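Have a look at the structure below, then the notes.
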Amino acid sequence: MKLTGLQIFKLLPNKNCKECGFQTCLAFAMKLSAKQAKLDACPHVSDEAKEKLGAASVPPIRLVKIGAVEREILIGEELVLFRHEKTFYHKTALAAQVDDRMDAATLAARAGAAPSFSVDRAG
C-alpha cells in the first residue's frame, strides 16, 4: 500500500531540524512518498515509524551487486528516474552474458563487441 505524504508526515517527529536535507518534515515526507528520499536521512525517526514506513522508504529499484569485490559494480537503488532530476549515484553498467561452456571463438566475439557498442540519445 502506497502512503501519501500526509500519512508519512504524521509518523515523522515533526522537529523541522533540517538534518535530513529538507526545510520541513512535510517536505521530507512528500519526497519519501515520491520515493525521492530515504527514511534513514532523518536521524530522529522512531523505531515504530521505521517499521510502519519501511516500504515507503525503499527505492523503486533494489540494489544489485555484480562482480568480484575488487571489480564490483553496483546498480539500482536510485531515487530518481531521470538524470536531470538529480545525480545518479551508481554509474551505468553494461554486461554481456557468457557461459563457461562457450568455446574461445564465441567468447572472443562477445568480448570484441563491447568496444564498438554505442547508444544514440534523443535530445
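Since every read-out is calculated from the coordinates, none of them should be taken as a lab result. Nothing here was measured: the structure is a model prediction, and the numbers come from that model. FYI the Cβ positions are ideal-geometry reconstructions off the backbone, even for glycines, and counts take in every protein chain you see.
Structure above, values below:
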quantity	calculated
FRET efficiency, 1/(1 + (r/R0)^6) with R0 22 Å, evaluated for V119 and A95 via beta carbons	0.95
Ordering of 114-121, 27-34 by packing [mean C-beta count within 10 Å, highest first]	27-34, 114-121
For q = 0.22, 0.24, 0.28, 0.29 Å⁻¹, Debye-computed log10 I/I(0) when each Cα of the range 5-57 counts as one equal scatterer	-0.67, -0.82, -1.18, -1.29
Given K10/K91; K18/K65; K15/K65; K18/K50, the pairs whose alpha carbons are separated by over 29 Å	K10/K91; K18/K65; K15/K65
